[in-house]
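Here's the structure we're looking at; comments come further down.
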Amino acid sequence: MTARLRHDWSRDEILAVLDLPFADLLQRAHAVHREHHDANAVQVSTLLSIKTGGCPEDCAYCPQAARYATGVKAEKLMPLEAVVARARQAKAAGATRFCMGAAWRSPKDRDIPKVAAMIREVRALGMETCATLGMLDAGQAAALKDAGLDYYNHNLDTAPEHYGEIIGTRGFEDRLETLGHVRAAGMKTCCGGIVGMGESRAQRAGLLQALANLPEHPQSVPINRLVQVEGTPLAGTALLDPFEFVRTIAAARIAMPKSMVRLSAGRAEMGDELQALCFFAGANSIFYGEKLLTTGNPDVLADQALFNRLGIHAMPIDGGHDDTHTVHAAIVEPCTRHETALA
Ligand code: SAM
Ligand code: DTB
Ligand code: SF4
């Protein structure tokens, strides 16, 4: 039976899913996963911070907020050539999507042509493009779409009623508004959240409910496990039970059956076994490359080895915009690893 895509999830229904006995939850999530996806294929994105630090926002989790002493130095927007060189490296290592992140509350209009040039050049390499630049207005979203931007990442981050405890400089509604502009411009949305910020299970259900009840399920749903950075208000938060993280992935898979669910920040602190459980529960995308934006990510060789041990292959670009793009075998064939690792 093909599941209907639902946008009317109640909080209690999602909570009931999260509450299932672990084996029942995993079995159900895995069945949904197999119905809609190749259970052995994982989509691979590489992140680059094109504008690091000095952010005016107060997100309690974020090492790039200027107001927290985290040791992250504020930098200017990277030059075009440097960004393209990093995208080329990412492609050579096997990534199919390149995601450019900027520590902005929102881009200035004068920034848009500069980012648009990056998008054009990265796309010309035959990669999918994603950007995460903060809040956008309708015109900015249209300009990014014009440049060829495939995805815009803008996370809801946490349940609506928890949002104010984590971020004071903007509201949950602002996030919804930007997502509306992104959809109206015809781009795909990448939208998820962070768990392990001291929220309750009911609040994790609330985040998933808000994501699943968006007018369209985000095509990509990053589930981040909080990376605790010294100097941020959330450093020292009680660690989330790893099984609770797997439950969140499984419930995301059940609530948004066709979306790509990304096992996102926090992988460097996870063992291979926990990641394997997440893939079984329905995660089918990762950030690949030794850095996220400012914090660490597993070594590319470790990821290639993990994929090989689990029999996972890198997913080709879906309905690709460039037929000449072939996914490098980096993550598929162990014998090519030495040629493909990022320097
Ligand atoms: N400034 C833009 C914004 O906030 O929308 C884009 C970049 S921001 C760093 C992108 C996302 O990274 C945030 O929404 C959050 O979900 C995630 N993130 C930031 N710091 C994190 C951390 N310490 N652990 C996990 N995820 C984090
Ligand atoms: C997302 O959901 N996670 C990524 C990406 N979208 C931009 C960012 C994770 C950042 C982790 C902290 C850092 O490296 O600064
Ligand atoms: Fe700024 Fe984005 Fe970090 Fe918030 S999450 S402080 S908006 S870079």
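Things worth noting here:
Residue-by-condition table, conditions (1) touching an Asp or Glu at 6+ places or on another chain (Cβ under 8 Å); (2) closer than 30 Å to PHE307 by Cβ; (3) within 16 Å of ligand 2 (Cβ to nearest atom):
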{"position": "ALA93", "(1), (2), (3)": "no, yes, no"}
{"position": "GLY101", "(1), (2), (3)": "no, yes, yes"}
{"position": "GLU121", "(1), (2), (3)": "no, yes, no"}
{"position": "LYS145", "(1), (2), (3)": "no, no, no"}
{"position": "LEU149", "(1), (2), (3)": "no, yes, yes"}
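- Scanning region 53-78 for residues that are surrounded by fewer than 16 Cβ atoms within 10 Å (Cβ to Cβ), touching a residue at least 60 places away in the same chain (Cβ under 8 Å) and hydrophobic (A, V, I, L, M, F, W, C) returns a single hit, ALA69.
- Count - residues of region 184-214 that are within 16 Å of GLN140 (Cβ to Cβ) and more than 17 Å from the chain's Cα centre (by Cα): 3
- If you go through region 304-314 and keep only what is outside any helix (DSSP H, G or I) and touching a strand residue (DSSP E or B) at 6+ places or on another chain (Cβ under 9 Å), you end up with ILE312, HIS313, ALA314.
- CYS191 meets all of the listed conditions (1) away from ligand 1 (no atom under 15 Å from the Cβ); (2) crowded, with 17+ Cβ neighbours inside 10 Å; (3) within 28 Å of ILE249 (Cβ to Cβ) but one, namely (1).
- In a residue-by-residue description of region 51-58, the property of being within 19 Å of the chain's Cα centre (by Cα) and part of a strand (DSSP E or B) applies to at least one position.
- Taking the numbered list (1) more than 14 Å from ligand 2 (Cβ to nearest atom); (2) touching a Pro at 6+ places or on another chain (Cβ under 6 Å); (3) without any contact (Cβ under 8 Å) to a residue 60 or more places away in the chain; (4) not hydroxyl-bearing (Ser, Thr, Tyr) in turn, ARG105 passes all entries but (3).
- Residue within region 222-243 that is of a type in the set (S, T, N, Q) and in contact with a strand residue (DSSP E or B) (Cβ under 7 Å, 6 or more places away or on another chain) present: yes
- All positions within region 257-267 that are touching a strand residue (DSSP E or B) at 6+ places or on another chain (Cβ under 6 Å) and either away from ligand 1 (no atom under 11 Å from the Cβ) or among the charged types (D, E, K, R) (or both): SER259, MET260, VAL261, ARG262, LEU263
- Checklist (1) under 17 Å from the mean Cα position of the chain (by Cα); (2) under 22 Å from PRO316 (Cα atoms); (3) not in a loop (DSSP other than H, G, I, E, B) applied to GLY101, failing item: (2)
- Residue-level check: of (1) buried (at least 16 other Cβ atoms within 10 Å of the Cβ); (2) away from ligand 3 (no atom under 16 Å from the Cβ); (3) in a loop (DSSP other than H, G, I, E, B), ASP38 misses just (1).
- LEU149 being aliphatic (A, V, I, L, M) and under 18 Å from the mean Cα position of the chain (by Cα): yes
- Filtered residues of region 272-303 (kept if over 16 Å from SER45 (Cβ atoms), in contact (Cβ under 8 Å) with a residue 40 or more places away in the chain and assigned to a helix (DSSP H, G or I)): LEU277, PHE280, ALA281, LEU301
- 2 or more residues touching a residue at least 24 places away in the same chain (Cβ under 8 Å) and away from ligand 3 (no atom under 15 Å from the Cβ): qualifying strands (runs of 3 or more DSSP E) within region 135-228: 188-190, 220-225
Any read-out appearing in this document is the output of simple, stated calculations on the displayed coordinates, not a laboratory observation. The structure presented is a predicted model; accordingly, all values stated were derived computationally and were not measured. Cβ atoms come from the backbone with ideal geometry, glycine included; neighbour counts cover every protein chain shown.
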